[in-house]
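Below you'll find the structure, written out as C-alpha cells, and then a few comments.
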Amino acid sequence: MTIDDEATESARPPTSALWSPQRRNFTAGLVLVITLAAFEAMGIGTALPTIVREWGAEQWYSWPFTIFMAASAIGTVVAGRVCDRRGPAVPLLVAMPTFAVGLVIAGFAPGMAVLLVARALQGLGAGAQIVALYVLIARVYPERDRPAAFGALSAAWVVPALLGPVVAGALTEHVGWRWVFLGLAPLMVLGALLLVPTVRRIGSEGEPEAAPVPGLPLAAVGAAAGTVGLNWAAQDLSGSAGGVRWPVLVAGLAGLLVLVPSLRVLLPSGTGTGRPGIPVMVLARGLLAGVFFTAQAFVPLTLSVVHGFSPTAAGVPLTVGSLGWSVGALWQSRRAGARREHLVGAGLVLVAIAVAGLVLIAPAGGAAWPVFVLWSLGGVGMGLGVASTSVRVLGLSAPEQRGFHSSALQISDMLGQALLVGLGGVLVAALAVPGAATAGVVPLDLGLAVIAALGAVRVFRAGRA
C-alpha cells in the first residue's frame with residue numbers, strides 16, 4: 001500500500017490518519033518544524049530591542065523583519081515552481097538546512113549587516129519550507145484528513161505563542177540573545193530526521209509536467225523589492241514628524257509599480273475580483289491576514305497609551321488571540337464535510353466583528369476588558385478561515401499546480417499584511433495629535449472591518465456559484 005492510496009484509505013473507518021503508524025513520524029516532524037518556526041518568529045520580536053541597543057543600530061530596527069519577508073517571498077515562489085516540476089523533496093531538503101544555517105549565522109553575528117544576511121537565509125528557508133510542506137500534506141494525507149493536518153499546524157503555534165516571548169526574554173536577559181537563535185538550530189535537525197523518511201519515499205514522485213509560467217522568477221524578485229520599498233516608505237512616513245520626504249514617496253510609488261505587475265504573475269487569474277474557486281480563496285487569505293494583523297499591531301499601543309497597561313499586560317490579548325486561532329482551526333478540522341467557502345466567510349465575519357469592536361477600547365473613556373473577548377473571537381475567525389483556505393485550495397488544485405497555488409496563498413498572506421499594516425501606520429501617524437496619539441485607530445479599525453465584511457460577502461457569493 002502506498003501512503004496516498006485513496007482507494008485503500010476510503011475502505012477504512014473514517015478516523016484521522018495523522019497518527020497512523022505509517023504517518024506518525026511525518027506528522028510529528030511537521031508539527032515540530034512549524035513549532036520551531038513559530039518560536040523563532042516570537043523570539044526575534046522579543047530579542048531585537050536588546051540586539052539593536054547593543055549595536056547602537058536603532059535606525060535599523062525594522063529591517064530584520066522586512067528582509068525576512070522579502071526573502072520569504074522569493075523562497076515561496078521558487079519552491080512552488082520546483083515542487084510542481086520536481087516534487088517537494090528537493091525544496092524541503094534545501095529549505096530546512098538553509099533556515100538552520102541562518103539561525104547559526106544570526107547567533108554568531110558580529111553586527112547588523114551579518115544579521116540581515118542571516119535573516120535573508122531564514123526567510124528563504126521559511127518560505128520554501130512552508131510551500132513544500134503544503135504540497136506534502138496533499139500527498140501524505142487523504143483529502144478527508146487534510147483539515148486535521150492544518151488544524152495541527154495551527155495548534156503548533158499555541159506553545160510558542162504562550163511561552164515564546166517568555167523563553168526568549170529569559171534567554172536574552174540571563175544567557176544572551178544569541179541563544180534565541182542558536183538554541184533552535186539543533187532541533188531543526190531533529191525535525192528533518194522525522195520528515196526525511198516520508199520525503200524520500202514520496203516527495204520526489206513524479207507529477208504531470210507543470211505548464212511553464214513566464215517571468216515567474218523575475219516576478220518573485222519584483223514582489224520582494226516592491227514589499228521592501230512599500231515597507232520602507234510606510235515606516236518612514238508613519239514615523240516622520242516633519243514634512244513629506246519626496247525620496248521616500250518616490251520609493252513607495254516605485255515599490256507599488258513593481259509589485260502590481262508581479263502579482264499578476266504570482267497569483268491565479270481572477271484573484272483581484274474574487275472569482276469563485278481558487279482565486280477567491282487566495283484573495284480571502286490576504287484579506288484575513290491583512291485585516292487581522294493590522295488591527296492587532298495597534299492593540300498593544302492602544303492599551304498602553306489609552307489605558308496605561310504595562311508592556312506585558314498589553315501583549316496578553318495577542319496570546320488570547322493565538323489560543324482562539326487554535327480553537328477555530330481545531331473546530332474546522334472536525335468539519336471535514338463542510339463547505340469551505342462557508343467556513344472562510346464565517347471567519348471573515350468573526351474578524352470583522354472583532355476589529356469593529358476594538359473602537360470600544362480606543363477612546364479614553366472606554367473600557368479595556370472587551371479586548372480580551374473580541375480578540376479571542378477574532379482568533380477563532382482566523383483559525384476557521386486560514387485553515388479552510390488551505391484545505392480548499394489543495395482540494396481544487398491539480399497535482400502539478402499545488403506548488404504554485406500554495407505559494408500564491410503565502411504571497412497573498414504576506415502582502416496583505418505588508419500593505420495594510422503599512423497603510424495603517426501611515427493613517428494612525430497622520431491623524432495623531434498631542435494628547436490623542438491613537439486618534440487614527442478608530443477610523444482604521446472601522447475601515448478594516450468594512451474590508452473584512454465585503455470580503456465575507458464575496459466569499460459567500462462564490463460559495464453559491
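Quick notes
- Solvent-accessible area, 1.4 Å probe, carbon plus sulfur percent, for the chain: 70
- Cβ charges +1 (Lys, Arg) and -1 (Asp, Glu), total dipole of the chain, debye: 680
- Projected label points at L454 and R144, each 7 Å from Cα along the beta carbon direction, are separated by 4.1 nanometres.
- Spherically averaged projected area of region 77-171 from its Cα convex hull (nm²): 7.3
- Contour excess over end-to-end distance, with Cα ends at L218 and E400 and 0.36 nm allotted per residue: 63.4 nm
- Principal-axis analysis of the Cα atoms of the chain puts helix 146-155 at an angle of about 40° to the longest axis.
- Crossing angle, helix 63-86 versus the chain [Cα axis fit, 0-90 degrees, rounded to tens]: 20
- Gain on full extension, evaluated as 0.36 nm per residue between R24 and L193 minus their Cα-Cα distance, stands at 59.6 nm.
- Nonlocal amide H pairs with G87, under 5 Å, H built at 1.01 Å: none
- Taking the Kirkwood radius as Rh and the Cα radius of gyration as Rg, region 14-165 has a ratio of Rg/Rh equal to 1.03.
- Cβ-Cβ FRET estimate between A336 and V359, R0 fixed at 41 Å, reported to 0.05: 0.65
- For region 359-463, fraction of C-alpha pairs farther apart than 22 Å, in %: 48
- C-alpha long axis of helix 112-140 to longest principal axis of the chain, angle in °: 40
- Estimated from the Cβ-Cβ distance and a Förster radius of 25 angstrom, the FRET efficiency linking T312 and V114 is about 0.20.
- Positive-end residue of L301, V131, P311, charge dipole of the chain with Cβ unit charges: V131
- Three-way shape label, region 118-172, alpha-carbon gyration tensor, a/c 1.5: oblate
- Extension gain, S269 to S62, is 71.2 nm, computed as 0.36 nm per intervening residue step minus the present C-alpha separation.
- The Kirkwood radius of the chain, taken over pairs of alpha-carbon atoms, gives through the Stokes-Einstein law at 37 °C and 0.692 mPa s a diffusion coefficient of 146 µm² s⁻¹.
- The packing ranking, built from the mean of other Cβ atoms within 10 Å per residue, places the peptides 341-349, 138-146 in the order 341-349, 138-146, highest first.
- Couplings 3J(HN,Hα) of region 94-109, computed from phi: 8, 5, 5, x, 4, 4, 5, 4, x, 4, 5, 4, 4, x, 10, 4 Hz, in residue order, whole Hz [Karplus 6.51 cos²θ - 1.76 cosθ + 1.60, θ = phi - 60°; x for Gly and Pro].
- Remark: the chain carries 40 Å² of accessible area per residue (probe radius 1.4 Å; ligands, DNA and RNA excluded).
- Here the label points at R201 and V166, each 7 Å from Cα along the C-beta direction, are separated by 3.7 nm in the simple model.
- Dipole magnitude of region 11-162, debye to nearest 20 (Cβ charges: Lys/Arg +1, Asp/Glu -1, about Cα centre): 600
The values are calculated or read from the model by the stated rules, or taken from the named source; none is laboratory data. What you are looking at is a predicted structure, and each value in this text was computed from that prediction instead of being measured. Virtual Cβ from ideal backbone geometry, glycine too; neighbours counted across all protein chains shown. Surface accessibility is based on the protein's heavy atoms, side chains included, excluding ligands, DNA and RNA. Shrake-Rupley method; radii C 1.70, N 1.55, O 1.52, S 1.80 Å.
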